[in-house]
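Everything on this sheet refers to the single structure shown next.
The values are calculated or read from the model by the stated rules, or taken from the named source; none is laboratory data. These numbers were taken from a predicted model, which means no experiment stands behind them. Neighbour counts are summed over all protein chains in view; Cβ atoms, including those assigned to glycine, are modelled from backbone coordinates with ideal geometry. In case anyone asks, the SASA skips ligands and DNA or RNA and just uses the protein heavy atoms, side chains included. Shrake-Rupley method; radii C 1.70, N 1.55, O 1.52, S 1.80 Å.
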Amino acid sequence: MGLFGAKKSAEPVEVEPEPTPEPASPGPRRKSGPTPTRKEAEAARKARLNPSLSPKEARRKQSQAARTERMKAMNERENTPERVLLRNYVDSRFRLGEILLPTLVVILALSMLGNVWPMAVMLSTVVLYAFIVVVLIDIFFMWRGFKKLLAERLPRATPRGLLMSGANRCIQIRRFRMPPPTIKRGEEF
């Protein structure tokens, strides 16, 4: 009995012999070319394992791999039942935050008129802050309603981390939301 040897089992294990492949054609097989030298064979093997790419191709391949990995991670994170319910809840009706970004662009354009019409800048700034407060109130009511719905439909689910996700979805233009909306406005989910 050896210290590091394998333990021997009491019953011998029978191994079936593998069938030997028969040659397709009788006679000597012809080669397509001369046998590569060891150096050539190793170089070909390394080229298969680590293909030499130009820096541009390597960057493109690396960015494609990173994008694939990000999309896979996003899909795993976004397909939990809580997030699906949140997305459907937000997408089921119109939110004021959807027009926040276009409104900001208009107000920014009005603020450029400061030299021509100074009152426009002050008025647009007041309207901007008032509209942001209204959007925050809309997000607050959305969150309250979602927590009630989550407690009804998924009682064991926790709302942790969903507030910011819901707020971000509320202020995005519906067309540019990721993942895209799966239901129409007013549709039951």
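The table below gives the values:
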quantity: Selected residue (criterion: most open to solvent (accessible area, probe 1.4 Å)) from residues of the range 118-130 that are within 41 Å of the chain's Cα centre (by Cα) and not aliphatic (A, V, I, L, M); calculated: TYR129
quantity: Residue list for the range 90-122, filter: touching a residue at least 12 places away in the same chain (Cβ under 8 Å) and over 25 Å from ALA167 (Cα atoms); calculated: LEU110, SER111
quantity: Among (1) β-branched (Val, Ile, Thr); (2) farther than 17 Å from ARG95 by Cα; (3) modelled with pLDDT of 95 or more - the single one ILE139 does not satisfy; calculated: (2)
quantity: Subset tally (residues that are of a type in the set (Gly, Ala, Ser) and surrounded by 18 or more Cβ atoms within 10 Å (Cβ to Cβ)) for the range 91-108; calculated: 1
quantity: Restricting the range 132-181 to residues that are part of a loop (DSSP other than H, G, I, E, B) and aliphatic (A, V, I, L, M), the residue that is least open to solvent (accessible area, probe 1.4 Å); calculated: ALA157
quantity: Residue in the range 91-112 that is within 29 Å of LYS72 (Cβ to Cβ), of a type in the set (A, V, I, L, M, F, W, C) and in a helix (DSSP H, G or I) present; calculated: yes
quantity: Subset of the range 112-132 (residues that are of a type in the set (S, T, N, Q) and either in contact with a His (Cβ under 9 Å, 6 or more places away or on another chain) or over 19 Å from LEU100 (Cα atoms) (or both)); calculated: ASN115
quantity: Test: PHE189 is at pLDDT below 90, open to solvent by 40 Å² or more (accessible area, probe 1.4 Å) and of a type in the set (A, V, I, L, M, F, W, C); calculated: yes
quantity: Residue identified as over 30 Å from ILE183 (Cβ atoms) and either open to solvent by 40 Å² or more (accessible area, probe 1.4 Å) or of a type outside the set (Lys, Arg) (or both) among ASN88, ASN75, ASN115, ASN79; calculated: ASN115
quantity: Residue tally, condition of a type in the set (D, E, K, R) and either modelled with pLDDT under 75 or touching an Asp or Glu at 6+ places or on another chain (Cβ under 7 Å) (or both), over the range 1-58; calculated: 8
